[in-house]
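Trainee: Below is one structure. I have some questions about it.
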Amino acid sequence: MFTARKASVEDCGLIREMACVAFPDTYKTILSPEQLDYMMEWMYSEESLQGQFRAGHVWFIASSARGRKSRLKRGTPCGYLSVQPEADDLYILQKIYILPRFQGVHAGSFLFRKAIEHIKQLHPAPCRMELHVNRHNKAVKFYERMGMRKLREGDFEIGGGFYMNDYIMGLEI
């Protein structure tokens, strides 16, 4: 149903293009337009994305693998994720977003499993994957269905007078 490929710095434009749809759609009822604009520039500007690649974030882009009988064209990008090694036995799922028209068809669970697969390849011994998720994001339920649990919560200043009001969720893998 889906395929995923490891992204390169040459994919920054595609990642930003998808983010310009998926990120605002996710947060339109949670964050102010000003904070959305700030966060888009902070996380998805060309300079920021290139910096994330240099800092060791590993990105994957998911695409539709459906054939002729589907309304989806094979190879259509549908979402992205990034994973960052944080410590010897800790990895951070920095981003996982699915374009709105691909939500509800298991693209998110496919990418989530891809993150786990990637981490297990890097670190076969037991370790933990964590992520930050806005406390009002409906994805909290998705992460719980995927086996994550709430570890703690916090309000994190991100600049510009803005905060991320997040749960930190974790999964032992």
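Trainee: When the residues of the range 146-167 are filtered to those that are hydrophobic (A, V, I, L, M, F, W, C) and closer than 21 Å to E117 by Cα, which remaining residue is least open to solvent (accessible area, probe 1.4 Å)?
Mentor: Pass one, the range 146-167, residues hydrophobic (A, V, I, L, M, F, W, C): 146, 148, 151, 156, 158, 162, 164.
Now restrict to residues that are closer than 21 Å to E117 by Cα: 146, 148.
Working: M146: 49, M148: 9 Å².
In this case the residue turns out to be M148.
Trainee: Where residues in the range 20-39 are in contact with a helix residue (DSSP H, G or I) (Cβ under 9 Å, 6 or more places away or on another chain) and of a type in the set (F, W, Y), which of them is farthest from K138 (Cα to Cα)?
Mentor: Only one residue tops the list, namely F23.
Trainee: Also, I was wondering about something else. If N137 meets every condition in (1) in a loop (DSSP other than H, G, I, E, B); (2) within 23 Å of V21 (Cα to Cα); (3) in contact (Cβ under 8 Å) with a residue 24 or more places away in the chain; (4) open to solvent by 40 Å² or more (accessible area, probe 1.4 Å) apart from one, which number is that one?
Mentor: Against the list (1) in a loop (DSSP other than H, G, I, E, B); (2) within 23 Å of V21 (Cα to Cα); (3) in contact (Cβ under 8 Å) with a residue 24 or more places away in the chain; (4) open to solvent by 40 Å² or more (accessible area, probe 1.4 Å), N137 comes up short only on (4).
Trainee: Moving to a separate point now. Filter the range 37-47 for residues that are open to solvent by 20 Å² or more (accessible area, probe 1.4 Å) and closer than 16 Å to V133 by Cβ and give the result.
Mentor: M43
Trainee: When the residues of the range 93-132 are narrowed to those that are hydrophobic (A, V, I, L, M, F, W, C) and within 18 Å of V21 (Cα to Cα), which ends up surrounded by the most Cβ atoms within 10 Å (Cβ to Cβ)?
Mentor: As a first pass, look at the range 93-132 and keep what is hydrophobic (A, V, I, L, M, F, W, C): 93, 96, 98-99, 102, 105, 107, 110-112, 115-116, 119, 122, 125, 127, 129, 131.
So of that shortlist, the ones also within 18 Å of V21 (Cα to Cα) come out as 96, 98-99, 102, 105, 107, 111.
Details: I96: 23, I98: 26, L99: 19, F102: 21, V105: 16, A107: 22, L111: 23.
Among those that are hydrophobic (A, V, I, L, M, F, W, C) and within 18 Å of V21 (Cα to Cα), it is I98.
Trainee: Then there's this: What do you reckon, is P77 under 12 Å from F60 (Cβ atoms), touching a residue at least 12 places away in the same chain (Cβ under 8 Å) and surrounded by fewer than 19 Cβ atoms within 10 Å (Cβ to Cβ)?
Mentor: yes
The values are calculated or read from the model by the stated rules, or taken from the named source; none is laboratory data. The structure presented is a predicted model; accordingly, all values stated were derived computationally and were not measured. Cβ: placed from backbone, ideal geometry, glycine included. Neighbour counts: every protein chain shown. We work out accessible area using only protein heavy atoms, side chains counted, and drop any ligands, DNA or RNA first. Shrake-Rupley method; radii C 1.70, N 1.55, O 1.52, S 1.80 Å.
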